[in-house]
Amino acid sequence: MPLSEEQVKHVARLARIRLDPEDAAQMTVHLDAVLEYMTQLNELNTDNVQPTMHVIGLNMPLRDDEVRPSLSVKEALKNAPDPRDNMFGVPRIMDGGDH
Amino acid sequence: MRKYEVIIGLEVHVELKTRAKLFCGCSTEFGAEPNTHTCPVCLGMPGVLPVLNRQAVVYAIKAALALECTVHSYSKFDRKQYFYPDLPKAYQISQYDQPLAEHGHVPIFNDGAVVKTVGVRRIHLEEDAGKLNHLGQRLGDAKGSLVDLNRAGVPLIEIVSEPDMSSADEARLYLTELRNILSYLDISDLRMEEGSMRCDANVSLRPSGYTGSVEDLPRVEIKNVNSIRNVQRGIEFEIARQAEFLANGERIVKETRGFDDQSGRTYSQRSKEEANDYRYFPEPDLPPLVLSDVFVREVKDTLPPSTQALRQELRTAGVQPKDVEVILADHSALAFWRQATTLFGDARMVTNWMLSDLSRLLNTHGHSFATTPVSPEALVGLLNLIHRGTLSGRMAKEVLDNMYETQRSAEEIVKDLGMSQITDADAIKKVVEETVASHRPVVEDYLSGKEKALGFLVGQVMKKTKGQAKPDVVNKILKDVIREYAEKI
């Protein structure tokens, strides 16, 4: 089995998905089966094929640098669970951010 | 002998000063009321599509060309995924394996001489994140945060250097020259204190005898330092900290560290090993960015003279290398210098007055060459009076102070205060004769070989003429009068 339970837990952590131990074991089997299925693609010879970055076949359309009206603050915050001082209130951040 | 070699690479984020954001039409204005510049695109609402801002691409190409990069005709955008409250989509649209430009160079200068050339690995376009306001003193004990998404989606370029710098000082010189180059392109405000230019520094030490690759050395990243000076301080501290680890035979941990301005120390934010898994993949909402040669050439044609060309211009005019760097680092100083030197031929004199007395006044009053109350024309008015011999250097300083306060012309002030240098030899000779007559012992001293005595006599004459006599003229006349006196006795 090429996929380890550790890897599954790692991916779950990155996606902020909580996995119980039995879920993790089961998920490892399922995910591995999916990946196994996809390995069929490896049978194709792609030596002379350019990697596909995009399927639309368009070049990037560009927009002029013009300011358009924004939403009102009220509208912008409409779906926010905890709006405060015209900002989005969020819970305490445990881990330092990085980008 | 040093037991290690310092390896520094810098990542610089620069906010581009487009009117609208990178992928939507919201304004990029800095300092607006929270969340007044947001829309479904930059809020990360479902079902929206980003459309790339042409001007941001143009600005990025300008930067790439000015930094001598190769601009790729084909680049693409990718999603960099992580969870953080300032990132509404939970991914940042950036460029990963096919950036806009690569393989550039920045020559770095110390007092006008090239120290080395630092490689630019890549330049890519990406969107900025929002701003977090923490409730509480520090992130660690904050009860929560408030998110302002005005900045989310503002265009950035990230400029990644090669790990070519080997001291904190070289890092400072690189940032200085990078800022010089970018500032003449007029593509960003470049205000580090406002965050429109941000720097992360990667610092590692290579122990002597280490034969592995630089990439495998434990690297410490100092994040988001808000001035060039602090980047330098942070790196200095980090080099010393890591050197101590090496000296004690301890392992340096790969991690991200913050910089504390007060103490000048870096502090651990978190270990990097776990978190750096961004699962980049091609942004499906944006087709590849294909740039024609014509497009790139058109941008190239709009580039201003390079900083190298500007250096040449200043040096050819006779400006000292050290002064060249000072003028070059400040747009408005260069504009001032150019205007003044068109009106007054002696570029060195213009430079001296600009960088000594006028700069001193500007600093004292919190002004700059952009806001100076003394215009280039006004300064040249003063220099003309010196040149004509109406004012001595010392008198001119006084007049400049007055010009600065009253914003009147040098000529008006000189007329009003009845200041003017006495150049009339007869008038001076009269004062000199009086002085010689009333200070005979000093004159004797001079005649018996005490050269210093002459200085005293010159001083007396200057005092009597209230400093309005021209010192070199006084000197000459004084010597003549003393010679006559000596012949008489």
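Numbers for the structure displayed
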| quantity | calculated |
| --- | --- |
| Degrees, to the nearest 10: A:5-14 long Cα axis against longest axis of chain A | 10 |
| Total charge dipole magnitude, region A:1-69, about the Cα centre, Cβ charges on Lys, Arg, Asp, Glu only, Debye to nearest 20 | 300 |
| Size of region B:164-304 as Cα extents on the principal axes (Å, biggest first) | 58, 34, 30 |
| Max mean-square fluctuation residue, GNM over chain A, Cα-Cα springs under 10 Å, options A:Val34, A:Val73, A:Val55 | A:Val73 |
| Reachable aspartates and glutamates, given that their alpha-carbon falls under 19 Å from the alpha-carbon of B:Lys76 and they are not under 8 places away in the same chain | B:Asp97, B:Glu102, B:Glu126, B:Glu127, B:Asp128, B:Glu158, B:Glu283, B:Asp285, B:Asp293 |
| Listed residues A:Leu3, A:Val29, A:Phe88: farthest to the positive end of the dipole of chain A (Cβ charges) | A:Phe88 |
| Span-like helix ranges in chain B, DSSP H, alpha carbon extent 27 angstrom or more, Kyte mean at least -0.5 | B:228-247 |
| GNM result for chain A, Cα springs below 10 Å: residue of A:Asp20, A:Asp64, A:Asp85 fluctuating most strongly | A:Asp85 |
| Charge tally in the Cβ shell below 12 Å around B:Lys466, where Lys, Arg are +1 and Asp, Glu are -1, B:Lys466 excluded | +2 |
| Of B:Lys450/B:Lys479; B:Lys116/B:Lys254; B:Lys397/B:Lys470; B:Lys415/B:Lys479; B:Lys80/B:Lys143, those spanning more than 22 Å from alpha-carbon to alpha-carbon | B:Lys116/B:Lys254; B:Lys415/B:Lys479; B:Lys80/B:Lys143 |
| Relative compactness, chain A, computed as alpha-carbon Rg over 2.2 N^0.38 Å | 1.77 |
| Pair B:Val294, B:Tyr485: separation of 7 Å Cα→Cβ label points (nm) | 8.5 |
| Stokes-Einstein translational diffusion, chain B - Kirkwood Rh over all Cα pairs, 0.692 mPa s, 37 °C, in µm²/s | 122 |
| Three-way shape call for region B:305-416 based on the alpha-carbon gyration tensor, with the a/c threshold at 1.5 | prolate |
| Convex hull volume per residue in cubic angstrom - Cα atoms of the protein assembly as shown | 246 |
| Qualifying aspartates and glutamates (Cα of each under 15 Å from Cα of B:Lys131; at least 8 residues distant if same chain) | A:Asp85, A:Asp98, B:Glu15, B:Glu29, B:Glu33, B:Asp86, B:Asp148, B:Glu193, B:Glu194 |
| Where the Cα pairs of region B:252-334 fall when distances are cut into 10 Å bins, in % | 12, 18, 14, 27, 26, 3 |
| Net charge of Cβ neighbours under 11 Å - reference B:Ile61; Lys, Arg +1; Asp, Glu -1 | +3 |
| With Cα atoms, 0 to 90° folded angle of helix A:21-38 axis to chain A main axis | 70 |
| Label point distance in nm, B:Asn248-B:Leu343, each placed 7 Å from Cα along Cα→Cβ | 6.2 |
| Region B:305-416 - percent relative contact order, Cα under 8 Å, separation 6 or more | 21 |
| Computed over region B:78-148, the ratio Rg/Rh where both radii use C-alpha atoms and Rh is Kirkwood | 1.20 |
| Within a Gaussian network of chain A (alpha carbon springs, distance under 10 Å), most fluctuating of A:Arg63, A:Arg13, A:Arg84 | A:Arg84 |
| Nearby aspartates and glutamates by direct alpha-carbon distance to B:Lys464 (threshold 13 angstrom, same-chain neighbours under 8 apart not counted) | B:Glu433, B:Glu434 |
| Spin-label pair B:His367/A:Leu62, simplified geometry with 7 Å Cα→Cβ offset, distance in nm | 4.1 |
| Centroid-to-centroid separation of region B:404-481 and region B:310-333 [C-alpha atoms, Å] | 36 |
| Length-normalised contact order for chain A - Cα pairs under 8 Å, 6+ apart - percent | 15 |
| Helix-only CD estimate at 222 nm, as mean residue ellipticity for chain B, using -39500 (n - 2.57) per DSSP H run (n ≥ 4) | -12000 deg cm²/dmol |
| Segment A:Leu44-A:Arg13, extension gain: residue separation times 0.36 nm, minus the distance between their alpha carbons | 7.9 nm |
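Readers should treat all values here as calculations from the given coordinates under stated rules, not as data from a laboratory. Here the structure is a predicted model, which is why all the values come from computation and not from measurement. Backbone-built Cβ (ideal geometry, glycine too); neighbour counts: all protein chains shown.
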